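Before any comments, here is the structure.
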Amino acid sequence: MRKAVGIGGLRRKEAERQALSKKGTELAKREIDKLQEQIGLMKTNLEDFVREHQRDIRNNPVFRVQVQRMCQLIGVDPLASRKGYMAELLGVGDFYCELGIQIIDICVATRLMNGGLIDLEELRQRLIRRRLKGSEPVVEDDIKRAISQLAPLKGGYRIVDFGSRKIVQSVAREMNADTSMVLGLAQQTCKFTMEDVRVGLGWDEHRIHSCVDDMLRSGIVWVDHQGSVMSEYWVPAFFSQISGASLGSKAVF
């Protein structure tokens, strides 16, 4: 018959457990300290690298994106503050501030035409033509970062996806599910009819009219009563698909 463990045995086991726990804590702290030391060294090396390649970072958008991703991997946010040392070294604080202002200008200027939705590529082309000759090139990632910096303004600036399309929204309203589904139907042709919605989504007439009327009121779609048995509803935000080639010849806001 096994001998019962006495009070002394229990105390010894508890002391052993506490000793192991203490040892584990010490080892974990040592590893964390070592990791923090390595990250600090990486940040220093990255700072030196940015200083050395500052001109290339400003002038080469692909290189700029790669450096910013390196910053994120080691926990450095160059856009956390315009006065942050990394933002100053990268030269991106003023760059994204200026880009954000230009995005707002274009979105406001085109809002009556597109209801506050503009294709991201169309926005990029307008930015390129608006910026002074010799300014830093602008890529999609730059626009995304600039828009993320506009969040404190609470103007509704964000990027929404419709299939393969990326649309910049610049109005402070929630895109409801019905509107998103109808826009999804129109992303290839830039237009739809109420019959398209009925067949494609299986909705009843009341739901279709309610959604389309709301889209008309907000300016997201235009209606064309001519040239077809059924009225056609066009989505200005998708026009770049059919007019992108001629965008350069048009006036840019």
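The values are calculated or read from the model by the stated rules, or taken from the named source; none is laboratory data. Owing to the predicted nature of the structure, the values given are computational and were not obtained by experimental measurement. No Cβ is skipped: glycine too gets one built from the backbone with ideal geometry, and neighbour counts run over all protein chains shown. Keep in mind that these areas ignore ligands, DNA and RNA; they rest on the heavy atoms of the full protein, side chains included. Shrake-Rupley method; radii C 1.70, N 1.55, O 1.52, S 1.80 Å.
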Any residue that is farther than 21 Å from PRO61 by Cα and either at pLDDT below 85 or in contact with a Gly (Cβ under 6 Å, 6 or more places away or on another chain) (or both) - is there at least one of those in segment 102-123?
yes
Residue ID - most open to solvent (accessible area, probe 1.4 Å), chosen from residues in segment 124-142 that are at pLDDT 80 or above and over 20 Å from the mean Cα position of the chain (by Cα)
ARG129
Could you pull out the residue among ALA172, ALA151 that is over 10 Å from the mean Cα position of the chain (by Cα) and within 30 Å of ASP196 (Cα to Cα)?
ALA172
Looking at ARG198, ARG207, ARG217, which is the one that is open to solvent by 30 Å² or more (accessible area, probe 1.4 Å), basic (Lys, Arg) and over 21 Å from MET175 (Cβ atoms)?
ARG198
(1) assigned to a loop (DSSP other than H, G, I, E, B); (2) among the hydrophobic types (A, V, I, L, M, F, W, C); (3) open to solvent by 60 Å² or more (accessible area, probe 1.4 Å): which one isn't true of MET175, the others all being true?
(3)
Consider only pairs whose beta carbons are under 6 Å apart and that are at least six residues apart or on different chains; among these, list those whose first residue lies in segment 204-232 and is of a type in the set (Gly, Ala, Ser) and whose second residue is surrounded by fewer than 17 Cβ atoms within 10 Å (Cβ to Cβ).
SER231/VAL223; SER231/HIS225
Could you tell me whether segment 178-187 includes any residue that is over 19 Å from the mean Cα position of the chain (by Cα) and open to solvent by 60 Å² or more (accessible area, probe 1.4 Å)?
yes
